[in-house]
1. Can you check what the net charge comes to around Ala49, using other residues whose Cβ is under 13 Å from the Cβ of Ala49 (Lys, Arg +1; Asp, Glu -1)?
2. Pull out a ≥ b ≥ c, the square roots of the eigenvalues of the alpha-carbon gyration tensor of the chain, then state rounded if a/c is under 1.5, prolate if not and a/b is larger than b/c, and oblate in the remaining case.
3. Count the lysine pairs in the chain whose Cα atoms sit under 30 Å apart, keeping only pairs 8 or more residues apart in sequence or on different chains.
4. Arranged from highest to lowest average of other beta-carbon atoms within 10 Å per residue, in what order do the peptides 92-104, 53-65 appear?
5. Using a Förster distance of 25 Å, how high is the FRET efficiency between Asp290 and Arg172, based on the Cβ-Cβ distance and rounded to 0.05?
6. Expressed as cubic angstrom per residue, what is the convex hull volume of the alpha carbon set of the stretch 33-160?
7. Arg228 to Gln278: extension gain in nm, 0.36 nm per residue of separation minus the Cα-Cα distance?
8. Compare the peptides 161-170, 196-205 by average per-residue count of other Cβ atoms within 10 angstrom and give them in order, highest first.
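The values are calculated or read from the model by the stated rules, or taken from the named source; none is laboratory data. Everything numeric in this text was worked out from a predicted model, so none of it was measured. Cβ coordinates were reconstructed from backbone atoms using ideal geometry, including for glycine residues, and neighbour counts include every protein chain displayed. Just so you know, the surface numbers come from the protein's heavy atoms only, side chains and all, with ligands and any DNA or RNA stripped out. Shrake-Rupley method; radii C 1.70, N 1.55, O 1.52, S 1.80 Å.
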Amino acid sequence: MLRTLFLAAAGSARLGRLVESAPVSKGIVQRFVAGPSADEVLLVSRELADDGLSVSLDHLGEDTRTIEQAVATRDEYVSVLGRLKGAGLTPAVEVSVKLSALGQRIDEKLAYEHARAICAAAAEAGTTVTLDAEDHNTTDATLETLAELRRDYPSTGAALQAYLRRTEGDCRELATAGSRVRLCKGAYSEPESVAFQSALDVDKSFVRCLNILMSGEGYPMVATHDARLIAIAEDRARWFDRSTAEYEFQMLHGVRPDEQARLVGSGHTVRVLLPYGQEWYAYLMRRLADRPANVGFVARAVASRK
Ligand SMILES: Cc1cc2nc3c(=O)[nH]c(=O)nc-3n(C[C@H](O)[C@H](O)[C@H](O)COP(=O)(O)OP(=O)(O)OC[C@H]3O[C@@H](n4cnc5c(N)ncnc54)[C@H](O)[C@@H]3O)c2cc1C
């Protein structure tokens with residue numbers, strides 16, 4: 001129920017503008033977001049890298065409706081990649097990209113051209129790009145763009161959402177040599193016709209997808225905070241004889257830092273998705289949907305500013 005409410009709120013641009021400009025917002029977002037600009041994200045990336053973590057930067061913003069905004073997003077990624085290289089933070093830090101932020105809803109070709117420019121900048125900086133998965137209406141277009149990008153930039157990664165009924169098939173398609181695939185549960189509100197609705201069914205699908213990726217030839221990136229799924233991933237890696245260099249775990253900045261440290265301590269690569277930028281509203285709503293208990297944390301942050 002609460003999950004549905006938060007996901008509906010995540011889609012409201014009007015509410016987003018209102019909340020993003022509210023004075024109480026800064027303290028609330030700090031837990032999950034590096035800061036408003038590249039300066040802060042470089043600092044936080046350095047701290048995480050010093051702790052032995054890998055990072056994927058995510059410039060906040062999605063569902064871009066103007067070409068100017070899409071161009072600005074492309075330019076921000078190209079610029080931050082140059083700065084990461086200059087700071088010696090690549091290859092430990094890569095970038096995650098939402099094609100909708102690059103203009104996918106305006107013109108798919110335009111989003112592809114923008115993503116290509118970011119892949120070129122990432123290659124120049126000695127690192128990689130992963131395409132985020134968004135709502136199911138964009139999955140085909142995103143996977144087509146991925147295939148195009150991989151012709152010249154084969155290390156480009158893809159995110160797949162276990163809650164979608166189609167994802168086992170997509171895992172089979174993408175479990176090929178060198179293919180970087182991030183498996184996550186999925187964070188959007190999706191209808192029953194395309195997505196499993198119960199947590200148990202999503203978890204079962206996650207495990208089926210994990211089996212395909214771990215037994216395949218690609219590089220699985222297991223994006224979850226779920227203790228049971230992490231244990232199953234470690235088990236499958238042993239079963240399919242994968243060393244810790246042949247897969248990685250991924251988690252969100254600010255979520256289960258102790259578990260991140262434990263996995264690093266046991267020799268795993270752990271990549272933290274680190275968002276930055278001004279447009280944090282939809283991201284925060286999805287984090288509340290993941291874990292409605294975080295509402296208490298938000299309420300305390302609001303109360304402490306009074
Ligand atoms: C690196 C990364 C990249 C992602 N990329 C995408 C993407 O491209 N597309 C997409 O749709 N989704 C993406 N997601 C989000 C994902 O789909 C889930 O919504 C999110 O990860 C929560 O699912 P979970 O697997 O952690 O399991 P859950 O069942 O939600 O959580 C398991 C446990 O983890 C802890 N936990 C989970 N979330 C939180 C939180 N916000 N705060 C505090 N504790 C928490 C709690 O202890 C919870 O019981 C990504 C997630 C990660 C980690």
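1. Details: positive: Arg46, Arg271; negative: Glu47, Asp50, Asp51, Glu94.
My count for the surroundings of Ala49 gives -2.
2. rounded
3. 11
4. Peptide ranking by packing, descending: 92-104, 53-65.
5. On the way: r = 27 Å, r/R0 = 1.08.
Here the calculated transfer efficiency is 0.40.
6. With only Cα atoms used, the stretch 33-160 gives 98 Å³ per residue.
7. Stretched fully, the Arg228-Gln278 segment lengthens by 14.6 nm.
8. Going by the mean number of other Cβ atoms within 10 Å, highest first, we get 161-170, 196-205.
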